[in-house]
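Trainee: Sharing a structure with you now.
Every number here is computed from the coordinates shown, using simple stated rules; none is lab data. Treat the numbers as computed from the prediction; the structure is a model and nothing was measured. Reconstructed Cβ throughout: ideal geometry from the backbone, glycine too, with neighbour counts over all protein chains shown.
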Amino acid sequence: MAQVQLQDVHKIYPDGTKAVRALNLEIQSGEFLCVLGPSGCGKSTTLRMIAGLEEVSSGIIEVDGQDIVGTPARERDIAMVFENYALYPHLNVFDNIAMPLVARRTAKPEIRERVERIAGTMGICEHLTKRPSKLSGGQRQRVSLARAMIRSPKMFLMDEPLGHLEEYLRIELRREIRALHEATGGTTFYITHDQEEAAAVSDRIAVMTDGVLQQVGTMADLIDRPVNRFVAEFVGEPPISMFNDVAVANGQIRLGDYSVALPPALNRAVDASPPVSVGVRPGKFSIDDAEAEGLSAIAQSVQLMGEWAAILCDTPAGPATALAAKSELPSEGARVKLNPDPEGLLLFNKNGRNIVSAEV
Amino acid sequence: MTSVDFDAGAEATPRSSKVVLGFSDYARYLIAVVFVGFSLFPFYIVLSTSLKSESDIFAWPPVWLFDVTWDNYFSALFVFGGTGVLPFLINSLIITALSTLLAVGLGSMVAYGLTRFRVVGGSHIFFFILSTRFAPPVAFVVPIFLMIREAGLLDTHLALILIYTSMNLSLVVWIIRGFFEAIPIEIEEAAQIDGYSRLQIFRKVALPLVKPGLITTSILSAILSWNEFLIATVMTQNTAATLPVYLAGFSGSMGLEWGPFMAVGAMAVLPIMIFTLVLQRHLVRGLTFGAVR
Amino acid sequence: MSQSRAARRAAFILISPAVLLLLALNVFPIGFAVFISLRHWSLSIVNPPRFAGLFNYQELTLDDRFINSLSVSATFVLIAILAELVLGFALAFVFNSKLKGLDTLRKLSLLPVMAMPLVVGLVWFYMLNENFGVINWFVTLFGAERLPFLTDSTLAMLSIALADIWQWTPFVTLVIFAALQSLPEYVFEAGRMDGLTEREIFWRITLPLLRPAIVVVLIIRAIDAVRMIDLVFMMTKGGPGGATEVLPWYLYTTGFQSFDLGYAGSMAVVMIIIVTLGAQVFVRQIANPEKGR
Amino acid sequence: MVDITISGLSKSFGRVNVFDGLDLEVKDRTYVCLLGPSGCGKSTLMRIISGLDSADRGEIRFDGKNVDNLTCAQRDVGMAFQNYALYPHLTVEGNLRFPLQAPMQKGRWTQQEMRARIGEIADLLQITPLLHRTINQLSGGQQQRVSLGRSLIRHPKVLLLDEPVTHLDARLRYAMRSELKRIHNVMETTTIHVTHDQQEALAMADLLVIMREGRIDQAAPAMEVYGDPATSFVASFLGDPPRSLLEVELGETSGAPVARINGVELKLSGKLGAVANAAPGRNAILALPARAFTAAQADEPGAVLDGTVRAHEMIEGAQRIVLDVSGQKVNLHSSAIRHVVIGDRLRVFAEASDGMLFEGATGLRLSAN
C-alpha cells in the first residue's frame, strides 16, 4: 500500500515529442485511480515512468515520500499488468506466475504453494501446465493478473489490461479487478480509454490529453462540472451537444432561434469571462412538441437505448442530441422543440475553459 | 506504388537499446569494424587483382599501390579462352531471367492455391515443397543428367531453366506464402462480392498486394540461379554453358592468367553485391523459410 | 466441406503446374537414383547397363575412399558450423544496439553471403597461395614462415573451412540478430517488473527465446555444408591425398570423371537419406507451433 | 429491394453445428439487425446470405427465387466488412470503381456512367474530397465510408453490414448510425446488419433478430423485442443493466399467486398473476428488471432476498451491484448510492409487478392462456 506523488513531471523524447507536460498528480494510499484519455495522450508514458520502464525527463516521483526517479524498475516493488499480457511465451503458466518469486529467491515449496493459491483465486488452476499460446485472451489476462498479485507489491500498474478482450469478458474482468483491489487493499493506477470502464472500476478518474492533465475527479464531477471543452466533449455518452458562437445579452443566452435565461450563478460568471460556446448534456434537454417554446429542431434519428432513446436533431444552432423516454419518442423527421435546463448549461470561454471553474 | 504493410502498428512499441550481453560501445565498434574488414577484404582482392598488371599480381611482397589497367577486363570479355566471357554471360542472363520468371510465376500460383483453397492434403504439399529445398544437387545430378540426356536436352538452355525453376520453387513458395497469408481474407472476399472470379482475384487483388514479396523472391532466386555451378557444369558444355562453367573451365590452368580470371570473377560477383545489400532483411526470411522473420 | 466447382478448378490450375514440375525433377529422380544404384551403369564402357542387385552398396561399405569421404565431410561440417555458430552468435549481440553506424557496418558485413561460391573458392585459393598469397604475407609479417595452406592435409581442410566460415558467418549473425530484434520488448519489461537482473533476463528469457532460431540456422547450415562442393572444386580438388575429398566431391568425380553412374547413384541414395534425416528435424522445427513466439 | 426468405437452413463446420433448420423472413426494404453473443452464428448466417459460404441444407430465396447456386455477384449483394477490407493498392476512386469493372459487369456501364455513379455515391457519403487519396491516408471513419461506398456502388438489392460501427468513437458512432439509416432509406435496399452491441441493434433495427447458439430466439421490431421478450435469454440479454433471472416455483398462498424462491414468496399481481395461475406448481424463470430491487435495511420485514455482493460499480451516476442470491445473479441499479464492499451481505426487496415469467425447462415465455 503506497501513496504516490508526481510533481511537475515532464517526458520529452529524443525526437522532441513532449509526451507528458508538467504533470502533478497524487494517488492516495489504497486508491484506485483511473487515467482516461484518447490514444497518444501520455497516459501510458506516465504509467511507464512510475514503473521505471521509461526515464523521467524532469520532475519528481515520490512513493511514500521517497523519490524513486533513478531507481531501477526491479527495485521499485511495483507490479504491472500489460495490455498485451506480456507473458513469457516459452514458459508455462505456472512458471510465468512464479517468476517474481523466482527473482526473489523464494524457496521452491513456498513458490508452489503460493502459485497454486493465487491460481485458485484467479480460476486458472487447470491451466498451470499450459503455455500461454494455448490460452484464450481472458485466460492470459488472468495469468498476467496472477503474476502481478503473487507478491504483495506496493502498487499495481495496469496499462489498458482489458483492451484486447471482448465486451462481456471486459465487464467480467473489470469486476474481478475491482474485487482484487478491494481484497488486497493495494494502490492501483489504471489506464483505459473506455469511460464506462473507468467509471465502473475506479475511485477517481484523471483525464489527460496531449500530455497534459485536464481534470481529476469522480465521473459525476467530469459530467456535471467539466473544467473545459475537452473534458465536456470527451466524457459522456451520448455525447454532449456543443453550440458555438453564442452570444449573451441581458442575462439571456441565444441558441439559434431561442433564448435561455441564465441562472444567477452563471450570469455572474458571464461578465468576468464571456462565453463563446455552450454545451448541453443530452439529459438536460426536454423535448416538447413543435408548438411549445424552445429551440426548433428536427428529429433526424431516433436511437433506442433501452428505457431511453437518443434523439439526434438538427437545430438552427447546430446538431444536438437529446434523450427521450421510451414511452414518448418523437418520430423520425418530426419537428420538435428542445428546452435546455438552464441549470445544466455548461459555458466555455474563448480558451475553452468552463467559465464557472475558470473564475474559481 | 504503395507498399502494403498489414502488420503496421503491431511492432509500434518503442525498443529500448538495453542489451543483454555486456559489450561496451567501444568494443562493439572495434569488433564490428574488424569483422567488416574481414568480410570485405576478399572482394577488395578480386577487384584489385583484376585491375593489376601481370607483374604486380605476382609481386612479393604484395603491392598495395599500383597502376590501374583495364587490360584484364578487355581480355576477359573478348579474348580469354578463345571467345571471352561474353557468350557465357549472355547464357547466364537468359537462364537466370527465365528460370526466375518461371519460379516466381509458378511459385506464387501454388502458394496462393494452397493458402486460399481447401485442398486435400494441402499442408502435405506445402511440406513436400519445402523439403525440396534440402535436396542435395549433387545427389540428383546423376539421375537428372540421364533424364536430360534421354530427352535430348543436354547443353540446352531449356534444361537448365527447368532444373533451376524446380530448385527455386521451394524458396518462392515459402516466402510468398507468408505474404499471401498477411492479406486479410476479407479483401479477397470483397472482390468476390464485387463479381470477380477466383483466378481474377489472384491476378488483380492478391498479386498486386504481394508485390514486395515478388520482388524479393525474384532477386533471391535470380541470385541462386546465377551462382549455380554443379548442375550447369554437368548439363552444359558449350551452347548453353553459363559463367560459372566458363570460370571453372580454367581452374586447372589458372596459375598463369590471374588478371582476366579475377576480372571474370568481379563481373560474376559485384552486381550481386548490390542486390544483397538491397535484400538484407529478406535474406533471413528467404534463406530460413520464414522460420526466422 | 463444400467448395464450388469453379473454386476447385481454379485451385487445380494454380497448383498443378508447380507440383508436376517438382514431381518430374524431384520425386522421379529419387526413384531413378535408386534404380540406377541397383545397376552396373557406366558411361565409359560400351556394355548396356545391367542389374547388379545390392552390389554397389556392398562395395560402398568396403570402399576406403567412401569411408574417408564421409569422415572428411563430417569433419568439415563440424569445424565450419561450430565456428560459424559461435562467431555468429557473439556478433549478433555486438550488432544488437542502436549505436550510430553499427547498422551500416552490419549490412556491409553481409556481402559474402550471396557471392558466387565458385568465385569465393577462387579468391581464397588465390589469397592462400603459398608463393604470392596475401594471407602468407600476413603470416610473414608476424615473423613466421610461409604456410602451405592448400598442400598440407590439415591446413587444406582448415582453409576450405575458413572460406566457408567467411561466406556464412554473416548469415548466422543475421538470423540470430533478426531473431533478437523480433523478440518482443514487453517480455524484457515484464522481466524487469518481476525483479529479474539483466543477467537473469539473459539466461531465463533471451536465450530460451532464441533457441528456435539457433536450431533452425544450425540445421540449415549443416545441410548446406554437407552438400558443399564448389569450394573444393576451386581450391583443392579433394587433395592433398584425399584430405579434402568430401562426399559430394567423391560422388561427382565417380559419376562424371570415372563415369561410373551406378556406383555414384548408390552414393547419391546414401546422401539423400542423410540429408532427409536432417531435413526432418528442420521441418518439425518449422511446423512446430510452439516456436516460442 | 428484395424480400428474403430463409427456410430450413443448416450449416456445420466439421463437427460443430452452427445452426440447424433456421427460418427467417425479411420483408423488402427492412433494416434487419442480427444480434447475439459471439459464436451465435450471426456472421455465418450473413456469409451464407452473401454467397461467400454455402449452407449444408435448406434454401434462401430472394423474391421467391432460389439463389443457392448463384455467386455473390449474381445475387446482387453488397457487403461492408468489419475491417473495411479496402484494396490498399488502389485509391479511393479505384476502390469505388473496382466493382463496376468486374468482368461480369463488362459493358454494362460506360466510362461516363461509372464516373457519374462514383460521384453520386461519393456525394452521398461525403467523401468526394478524398477520391484521389490512397487508403492508408484515410482515418478509420473515412475508410468506413469508402467501404460502404464500395458496397453500394452497384446499387445492390441487399446490403450486408458486418459490425460497421463498432470501431468508431462515441460521437462518430451516433452520427454514423443515423447516416446508415439515411443511406438505407435513400438506396431502398434490404439491409442486414450484424452486431454484438445491443445498443446499436436497438437503435437501428426495424426487425431485430436475436440469435443464440444457432437458434433465432426472437425476430420482431426492436421495441417489441425489448419490451416483450419471447425467451428468458432475450429478457436477460437486452437492457443495461440486464434483467435478472430467478428460478422460482409458482404456487398459491391464500388464493393469491406467488413465486417461491429460497422460501421467500413474491406476490404476483395483475397480468403476471394470471400467467402464474395458468401454470401452478411449475418451475419457472422470473425475469426482473434491475429497478425492481431495492436494498433493505438490516431488520426490515417483508419479502426480502438475502445475497452476497459480488461486484459493484458506478455507471452514469448510478450504482450497480451484482448480488449472489444462493447461486443466482441479481443485478441492482439504484441512484441512491450506498457504501458496499465485495463480500458484504445485502438484503433486497423484490417487486415482481414488472416481471415476466418463462418456462423453466425451455425458457419460453409463459402466457395466461
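Trainee: Output needed for segment C:31-153: three equivalent-ellipsoid semi-axes, defined as square roots of 5 times the C-alpha gyration tensor eigenvalues, in descending order, whole Å.
Mentor: 43, 23, 16
Trainee: May I ask you to compute the full-extension gain from residue A:129 to residue A:257, defined as 0.36 nm times their residue separation minus their alpha-carbon distance, rounded to one decimal in nm?
Mentor: Full-extension gain reported as 39.2 nm.
Trainee: May I pose another question? For chain A, modelled as a Gaussian network with Cα springs under 10 Å, which listed residue fluctuates most, A:15, A:341, A:77?
Mentor: A:15
Trainee: Relative to the longest principal axis of chain D, what angle (0 to 90°, nearest 10) does the C-alpha long axis of helix D:140-152 take?
Mentor: Orientation of helix D:140-152: about 70 degrees from the principal axis.
Trainee: Cross-link partners among aspartates and glutamates for residue A:134, C-alpha distance below 14 Å, same-chain residues fewer than 8 apart left out?
Mentor: Correct list for residue A:134: A:126, C:290.
Trainee: Going by alpha carbons, how many degrees (0 to 90, nearest 10) lie between the helix axis of B:137-150 and the longest principal axis of chain B?
Mentor: 90 degrees
Trainee: Now, a different point. Grab the beta carbon distance between residue D:115 and residue A:166, set R0 = 30 Å, and tell me the FRET efficiency rounded to 0.05.
Mentor: That gives a FRET efficiency of 0.10.
Trainee: With labels modelled as points extended 7 Å from the Cα through the Cβ direction, what inter-label distance (nm, one decimal) is found for residue A:69 paired with residue D:354?
Mentor: Result: 5.3 nm between the two label points.
Trainee: Please rank B:267, D:211, fewest neighbouring Cβ atoms within 10 Å first, as an exposure proxy.
Mentor: B:267, D:211
Trainee: Name the residues whose placed amide hydrogens come within less than 5 Å of the amide hydrogen of residue A:252, ignoring near sequence neighbours (fewer than 5 apart) on the same chain.
Mentor: A:262
Trainee: Once you charge only the Cβ atoms, +1 for Lys and Arg and -1 for Asp and Glu, what is the size of the charge dipole of the protein assembly as shown about its Cα centre, to the nearest 20 debye?
Mentor: Here the protein assembly as shown has a charge dipole of around 2260 debye.
Trainee: Give me D:174, B:29, A:168 ranked fewest to most by other Cβ atoms within 10 Å of their Cβ, as a rough exposure proxy.
Mentor: Listing D:174, B:29, A:168 from fewest to most nearby Cβ atoms yields A:168, B:29, D:174.
Trainee: Take the alpha-carbon centre of segment D:279-340, take the same for segment C:11-32, and report the distance between them in whole Å.
Mentor: With segment D:279-340 and segment C:11-32 each reduced to a Cα centre, they are spaced 70 Å.
Trainee: Given only helices, namely DSSP H runs of n ≥ 4 each adding -39500 (n - 2.57), what is the per-residue ellipticity at 222 nm of chain C, to the nearest 500 deg cm²/dmol?
Mentor: Calculated at 222 nm, the ellipticity per residue is -22000 deg cm²/dmol.
Trainee: Please list, ordered by chain and number, the residues whose modelled amide H lies under 5 Å from the amide H of residue A:3; skip anything fewer than 5 residues away on the same chain.
Mentor: Counting only residues 5 or more places away or on other chains, the set is A:64.
Trainee: Still on this model: Whole number please: convex hull volume per residue of the Cα set in segment A:185-268, in Å³?
Mentor: Considering the Cα atoms of segment A:185-268, their hull volume per residue is 134 Å³.
Trainee: Taking 10 °C and 1.306 mPa s as the conditions, I'd like the Stokes-Einstein D for the protein assembly as shown in µm²/s, using the Kirkwood hydrodynamic radius from alpha carbon pairs.
Mentor: The diffusion coefficient I find is 44 µm²/s.
Trainee: Can you show me the helix-derived [θ] at 222 nm for chain B, built from DSSP H runs with n ≥ 4 at -39,500 (n - 2.57) apiece and divided by the number of residues, rounded to the nearest 500.
Mentor: Per the formula, -20000 deg cm²/dmol.
Trainee: With r as the distance between the Cβ atoms of residue D:66 and residue B:118 and R0 = 22 Å, compute the FRET efficiency 1/(1 + (r/R0)^6) and round to 0.05.
Mentor: 0.30
Trainee: Restricting things to alpha carbons, tell me how big segment A:132-235 is in terms of Rg and Dmax, in Å.
Mentor: Taking only Cα atoms of segment A:132-235, I get Rg and Dmax of 15.0, 47 Å.
Trainee: So if I take the centroid of the Cα atoms in segment B:26-44 and the same for segment A:275-292, what is the distance between those two points in Å?
Mentor: Going from one Cα centre to the other spans 74 Å.
Trainee: Which is farthest toward the positive dipole end of chain B among B:91, B:195, B:75, measuring Cα position about the Cα centre, with Cβ charges +1 (Lys, Arg) and -1 (Asp, Glu)?
Mentor: The Cα lying farthest towards the positive end belongs to B:195.
Trainee: Would you list D:106, D:271 from fewest to most Cβ contacts within 10 Å?
Mentor: Lowest count first: D:106, D:271.
Trainee: Here is a further query. Tell me the label-point distance for the pair residue D:28, residue D:299, using the 7 Å Cα-to-Cβ offset, in nm and rounded to one decimal.
Mentor: According to this spin-label approximation, the distance is 7.2 nm.
Trainee: Here's another thing I want to ask about it. For segment A:4-224, divide the Cα radius of gyration by the Kirkwood radius and give the resulting Rg/Rh value with two decimals.
Mentor: 0.97
Trainee: Answer with one residue from B:277, C:57, C:118: the one whose Cα lies farthest towards the positive end of the charge dipole of the protein assembly as shown, charges on Cβ with Lys, Arg +1 and Asp, Glu -1.
Mentor: It is C:57, whose Cα lies furthest towards the positive end.
Trainee: Which value, in debye to the nearest 20, describes the size of the charge dipole of chain B about its Cα centre when Lys and Arg Cβ atoms bear +1, Asp and Glu Cβ atoms bear -1, and nothing else is charged?
Mentor: Once rounded to the nearest 20, the dipole reads 780 debye.
Trainee: Next question. Pick out the long, greasy-scoring helices in chain C: whole DSSP H runs spanning 18 Å or more along their own axis by Cα, mean Kyte-Doolittle at least -0.5.
Mentor: Helices passing the filter in chain C: C:5-22, C:64-95, C:153-182, C:207-226, C:261-287.
Trainee: Residue D:57 versus residue C:9, label points 7 Å from Cα toward the beta carbon: distance in nm?
Mentor: Modelled inter-label distance: 3.1 nm.
Trainee: Which of D:118, D:231, D:85 sits farthest toward the positive end of the charge dipole of segment D:4-231, with +1 on the Cβ of Lys and Arg and -1 on the Cβ of Asp and Glu?
Mentor: Checking the options against the dipole of segment D:4-231, the answer is D:118.
Trainee: Rounded to the nearest Å, what's the spacing between the alpha carbon centres of segment D:86-133 and segment D:52-68? Just the number, please.
Mentor: 29 Å
Trainee: Between helix B:157-182 and chain B, what is the angle of the helix's C-alpha long axis to the longest principal axis, kept within 0 to 90° and rounded to the nearest 10?
Mentor: Relative to chain B, helix B:157-182 is tipped by roughly 50 degrees.
Trainee: Kindly state, to the nearest 0.05, the FRET efficiency for residue C:24 paired with residue A:113, given R0 = 60 Å and r defined as their beta-carbon distance.
Mentor: Efficiency, from the Cβ-Cβ distance: 0.40.
Trainee: Setting aside same-chain residues fewer than 8 positions from residue A:284, which lysines have a Cα under 20 Å from its Cα?
Mentor: The reachable lysines, counting only those whose Cα sits under 20 Å from residue A:284, are A:326, A:337.
Trainee: Counting each pair of different Cα atoms once, what's the Kirkwood radius of segment D:237-359 in Å, rounded to one decimal?
Mentor: Result for segment D:237-359, one decimal place: 14.7 Å.
Trainee: Sum -39500 (n - 2.57) across every DSSP H segment of at least 4 residues in chain A, then divide by the residue count to get the 222 nm mean residue ellipticity, nearest 500.
Mentor: Computed ellipticity for chain A at 222 nm equals -8000 deg cm²/dmol.
Trainee: Greater than 27 Å separation of Cα atoms is the criterion. Which listed pairs, D:106/D:157; D:42/D:271; A:43/A:130; A:11/C:100, meet it?
Mentor: D:42/D:271; A:43/A:130
Trainee: While we're here: Near residue C:244, within a Cβ-to-Cβ distance under 12 Å, what is the net charge of the other residues, with Lys and Arg +1 and Asp and Glu -1?
Mentor: The answer is -2.
Trainee: Can you give the translational diffusion coefficient of chain C in µm²/s, computed by Stokes-Einstein from the Kirkwood radius over Cα pairs at 25 °C and 0.890 mPa s?
Mentor: 109 µm²/s
Trainee: Same structure, new question: Under unit Cβ charges (Lys, Arg +1; Asp, Glu -1), what dipole magnitude, rounded to 20 debye, does segment D:4-231 have relative to its Cα centre?
Mentor: 740 debye
Trainee: So what is the orientation-averaged projected area of chain D, using the convex hull of its C-alpha atoms, in nm²?
Mentor: Orientation-averaged projected area of the Cα hull: 22.3 nm².
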